[in-house]
Amino acid sequence: DGGITQSPKYLFRKEGQNVTLSCEQNLNHDAMYWYRQDPGQGLRLIYYSQIVNDFQKGDIAEGYSVSREKKESFPLTVTSAQKNPTAFYLCASSTSEPYGYTFGSGTRLTVV
Amino acid sequence: AQSVTQLGSHVSVSEGALVLLRCNYSSSVPPYLFWYVQYPNQGLQLLLKYTSAATLVKGINGFEAEFKKSETSFHLTKPSAHMSDAAEYFCAVTKFNNDMRFGAGTRLTVKP
């Protein structure tokens with residue numbers, strides 16, 4: 001079945017470390033997105049990519065980086081510059097038509 | 001720019017009662033509107049979408065929503081709540097460019 005796979009489901013990071021969250025889709029979607037979710041704040045857009053080798057900053061890109069070398073993959077790196085990285089991270093993908101996004105099951109990142 | 005406002009961060013209903021979750025949108029052009037549901041520690045799942053066809057949209061799990069242009073609303077309803085409906089619900093809006101904006105979410109509690 002087609003879908004989006006995020007891994008790992010839970011991730012623990014020590015302060016000062018970079019960590020990379022994986023997002024893979026087999027839906028043949030052109031666009032992919034990363035969101036951060038904190039309690040009571042809804043979803044905030046970190047980065048998005050509409051085609052391979054191109055991506056754009058969202059509303060809260062500081063302290064994060066991404067790459068889009070393959071259509072299927074859009075990994076997110078949380079760098080040590082991100083001051084408060086503990087959150088639930090969601091990856092999504094879509095076609096170019098406005099018919100909705102497909103979401104992965106999320107990665108919960110905790111700084112220890 | 002388009003945006004959505006969800007009225008009420010928490011809604012509580014009794015099992016078997018009507019569910020009404022409110023969403024108002026702001027958009028300078030005819031919007032595409034969506035409702036998503038999120039269960040704990042999971043991604044978002046598309047419930048239903050309005051894409052300028054019928055104004056009354058039926059979705060999964062017995063939910064429906066009505067697009068009212070005069071009221072700029074897209075409220076989500078279900079005639080009879082079930083315990084399994086307890087979750088967080090997000091309203092979202094986009095234009096043709098698929099730049100989706102999410103509301104802050106409404107947590108639905110269903111009492112036995």
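Laboratory data are not the source of any read-out in this text; all were calculated from the coordinates shown. As the structure is a prediction and not an experimental result, all values here were calculated from the model. Glycine gets a Cβ as well: all are built from the backbone with ideal geometry, and neighbour counts include every protein chain shown.
Tabulated data for the structure shown
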{"quantity": "Loop-resident sites, region B:45-112, for GluC sites (Glu not before Pro), counting at most 15 other Cβ within 10 Å (DSSP)", "calculated": "B:71"}
{"quantity": "Lysine pairs in the protein assembly as shown with Cα atoms under 14 Å, if 8 or more residues apart or on separate chains", "calculated": "5"}
{"quantity": "Derived scalar couplings ³J(HN,Hα) [region B:47-61; Karplus, 6.51 cos²θ - 1.76 cosθ + 1.60; whole Hz; x for Gly, Pro]", "calculated": "8, 6, 8, 10, 10, 6, 9, 5, 6, 9, 10, 9, x, 7, 6"}
{"quantity": "Selection from A:92, A:60, A:74, by position along the positive dipole direction of region A:24-112 (Cβ)", "calculated": "A:60"}
{"quantity": "Contact order relative to length of chain B, as percent, for alpha carbon pairs under 8 angstrom and 6 or more apart", "calculated": "38 percent"}
{"quantity": "Computed Kirkwood radius, in angstrom, where 1/r is averaged over Cα pairs of chain A", "calculated": "13.9 Å"}
{"quantity": "Å³ per residue enclosed by the Cα convex hull of the protein assembly as shown", "calculated": "124 Å³"}
{"quantity": "Backbone HN-Hα couplings from phi across region B:77-91 [Karplus 6.51/-1.76/1.60, Hz, Gly and Pro as x]", "calculated": "9, 8, x, 9, 6, 10, 4, 5, 7, 4, 5, 9, 10, 10, 8"}
{"quantity": "Cα lying deepest toward the dipole's positive end in region B:1-73, options B:44, B:7, B:30, charges on Cβ", "calculated": "B:30"}
{"quantity": "³J(HN,Hα) computed for each position of region A:28-40 - Karplus, 6.51 cos²θ - 1.76 cosθ + 1.60, integer Hz, glycine/proline x", "calculated": "6, 7, 6, 9, 9, 9, 10, 10, 10, 10, 10, x, x"}
{"quantity": "Value of relative contact order over region A:40-112, rounded to a whole percent, pairs C-alpha under 8 Å and six or more apart", "calculated": "20 percent"}
{"quantity": "Dipole in debye (nearest 20) - chain A, about Cα centre, beta carbon charges: Lys, Arg +1; Asp, Glu -1", "calculated": "400 debye"}
{"quantity": "Peptide ranges B:45-52, A:6-13 listed from the most packed, as the mean C-beta count within 10 angstrom indicates", "calculated": "B:45-52, A:6-13"}
{"quantity": "Inter-chain shielding of B:39-47 (mean C-beta neighbours from other protein chains, 10 Å cut-off)", "calculated": "5"}
{"quantity": "Sparse-neighbourhood loop sites, GluC sites (Glu not before Pro) in region A:10-67 - DSSP loop, at most 14 other Cβ within 10 angstrom", "calculated": "A:15, A:62"}
